[in-house]
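Remarks on the structure that follows.
The values are calculated or read from the model by the stated rules, or taken from the named source; none is laboratory data. All values reported here derive from a predicted model rather than from experimental measurement. A quick note on method: Cβ atoms are made from the backbone with ideal geometry, for glycine too, and the neighbour counts reach across all protein chains shown. Heavy atoms of the whole protein, side chains included, go into the accessibility calculation; ligands, DNA and RNA do not. Shrake-Rupley method; radii C 1.70, N 1.55, O 1.52, S 1.80 Å.
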Amino acid sequence: MDRNEALFDRAREVIPGGVNSPVRAFRSVGGAPRFIRRAKGPYMWDIDDKQYIDYVLSWGPMILGHNDDRVTAALHEAVDRGISFGAATEGEVVIAEEIRKLVPSMEEVRLVSSGTEAGMSAIRLARGYTGRNKIVKFEGCYHGHSDSLLVKAGSGLLTFGNPSSAGVPAGITEHTIVLEYNNPEQLREAFAKWGDDIACVIVEAFAGNMNLVRGTQEFISTMRELCTKHGALLIVDEVMTGFRVALHGAQSLFGVTPDITMLGKVIGGGMPVAAFGGRRDIMEKIAPCGPVYQAGTLSGNPVAVACGLATLKLIQEPGFYEKLGGQAQKLIAGLTEAAREAGVPFCGDSVGGMFGIYFLENIPKGFADVMKADQNHFNQFFHGMLERGVYFAPSTFEAGFVSIQHTDEVIERTIEAARATFREIK
């Protein structure tokens, strides 16, 4: 038994499932998770000191690579001033100004500590602003584990969601309408039926929790038009895509202005920082200005904000996103060619520094397509790559990420490992 397995056994005695976030348990792929001791650039090392090329990158935040010297310097400087104050700081103002500069639709910004907190707060705000209860979300999109969003679709189309987690009363999700991703016609039907009662539509313009699935221009534009027509708010969840797919977010690629935007991951540079923000008249419904209550003891933590602010400054260097996107494209092209040589059905896609790999003939358009992927092939690929020192997400339903430190040499090493792995797939 290696040290990862031994530590996993210990962990299961004191932590449910041995992990503090479910996908880390490797349940869908089997085996013991890797317990990471340190990381630098595009690499991580586990407690056995085995090196891995990392394509998870803390699920997206480490866009500069792990442990960037400039970010850690800012972090140490902040720690020296104090870890937490429970009071307002200049850093909160500066990072909010930086976010508004880069995402102009966020006229006012409220900092929180997690994407889940941003999601639940954005929906409460939308309901408080509109005075309505119903919300629309899409199958396969994940917006955090707040009760009203933990729903699955009913047996037919345009049905209200049923709870998909124990402990969530049906009464909480009865106002959640679940529709198919990339189906603008369903959106039209939903608004025709419930338009006057819908508080908001919440969407990932590029879904990342059913693997990477692109929203279509028609799909995103249709929801903007319908929300405007019926007085509902459009919430674009950019917790994963914000500053990851483009400097100005996914919304800039679609030319769509949300009413509320959710951010996370990259804005904290690996520290627990998230945010929601939008039009001034909407945001000023939040306490202490308005009647919608939201608060957080560690919101705007000075150390986390310093880390995020340093990251946001560095990603604005000239040519950053051209290089980042180019590396993701090289990775996908190389993996696709390696699979073709081995005769394994496979395809991939990328946008900015985010990518998806699919054991399918064609790139998926929604949740039903993703569910057709060959799980056995993915599991063989995952473990083969892991043995060769390449760490992908331990689930066929998760997107992957590259950092600016994933050089041509790192990408080529990955592709060479993939050639050998694909040849072993049966």
Selection over the stretch 75-90 where residues are at pLDDT 95 or above and out of contact with any Gly (no Cβ under 9 Å at 6 or more places or on another chain) yields a count of 11
Tabulated pairs, the stretch 64-84, first farther than 28 Å from Lys323 by Cβ, second open to solvent by 100 Å² or more (accessible area, probe 1.4 Å) and not aliphatic (A, V, I, L, M), C-beta under 9 angstrom, 6+ apart or interchain: Ser84/Thr297
Those residues of the stretch 263-284 which are outside any strand (DSSP E or B) and either buried (at least 24 other Cβ atoms within 10 Å of the Cβ) or touching an Asp or Glu at 6+ places or on another chain (Cβ under 8 Å) (or both), in sequence order: Gly264, Lys265, Val266, Ile267, Gly268, Gly270, Val273, Arg279, Arg280, Ile282, Met283, Glu284
The stretch 372-406, residues that are β-branched (Val, Ile, Thr) and farther than 16 Å from Gln51 by Cα: Thr396, Val402, Ile404
How about the stretch 67-186: which helices (runs of 4 or more DSSP H) wholly inside it have at least 3 residues that are farther than 18 Å from Val201 by Cα? 69-81, 90-102
With the condition kept exactly as written, say whether any residue in the stretch 184-202 is open to solvent by 10 Å² or more (accessible area, probe 1.4 Å) and closer than 24 Å to Phe397 by Cα. yes
Condition met for Pro364 (open to solvent by less than 10 Å² (accessible area, probe 1.4 Å), under 29 Å from Phe138 (Cα atoms), outside any helix (DSSP H, G or I) and at pLDDT 95 or above): yes
Do you know which of the residues in the stretch 332-356 that are without any contact (Cβ under 8 Å) to a residue 40 or more places away in the chain and part of a strand (DSSP E or B) is surrounded by the most Cβ atoms within 10 Å (Cβ to Cβ)? Gly348
Among the residues of the stretch 387-426, the number that are aromatic (Phe, Trp, Tyr), over 21 Å from Asp46 (Cβ atoms) and within 18 Å of the chain's Cα centre (by Cα) is 1
Failed condition for Lys285, given (1) modelled with pLDDT under 95; (2) over 22 Å from the mean Cα position of the chain (by Cα); (3) of a type outside the set (Phe, Trp, Tyr): (1)
Selected residue (only one of Phe191, Phe206 is within 21 Å of Tyr129 (Cβ to Cβ) and in contact (Cβ under 8 Å) with a residue 12 or more places away in the chain): Phe191
Only residues that are open to solvent by 20 Å² or more (accessible area, probe 1.4 Å), out of contact with any strand residue (DSSP E or B) (no Cβ under 9 Å at 6 or more places or on another chain) and either basic (Lys, Arg) or under 19 Å from Val305 (Cα atoms) (or both): list them for the stretch 98-138, please. Lys101
With respect to Phe8, determine if the residue is more than 24 Å from the chain's Cα centre (by Cα) and surrounded by 17 or more Cβ atoms within 10 Å (Cβ to Cβ). yes
Testing Arg224 on (1) within 24 Å of the chain's Cα centre (by Cα); (2) not in a helix (DSSP H, G or I), one condition comes back false. Which one is that? (2)
With the structure loaded, tell me whether Tyr321 is within 25 Å of Gln251 (Cα to Cα), in contact with a Cys (Cβ under 7 Å, 6 or more places away or on another chain), open to solvent by less than 50 Å² (accessible area, probe 1.4 Å) and not basic (Lys, Arg) or whether it fails that test. no
Taking the stretch 353-401, which residues are within 16 Å of Phe422 (Cβ to Cβ), among the charged types (D, E, K, R) and out of contact with any helix residue (DSSP H, G or I) (no Cβ under 8 Å at 6 or more places or on another chain)? Glu361, Asp374, Glu387
Would you be able to say whether some residue in the stretch 47-66 is open to solvent by 40 Å² or more (accessible area, probe 1.4 Å), within 28 Å of Gly278 (Cα to Cα) and either part of a helix (DSSP H, G or I) or at pLDDT 95 or above (or both)? yes
Of (1) basic (Lys, Arg); (2) open to solvent by less than 90 Å² (accessible area, probe 1.4 Å); (3) under 28 Å from His145 (Cα atoms), Lys40 fails just (3)
Would you call Val94 of a type in the set (A, V, I, L, M) and within 22 Å of Glu238 (Cβ to Cβ)? yes
Of the residues that sit in the stretch 367-406 and are in a helix (DSSP H, G or I) and aliphatic (A, V, I, L, M), which one is nearest to Val178 (Cα to Cα)? Ala368
Between a first residue in the stretch 246-257 that is among the aliphatic types (A, V, I, L, M) and a second residue that is part of a helix (DSSP H, G or I), which pairs have beta carbons less than 6 Å apart while being 6 or more apart in sequence or on different chains? Ala246/Ser252; Ala246/Leu253; Leu247/Tyr321; Val256/Ile220; Val256/Arg224
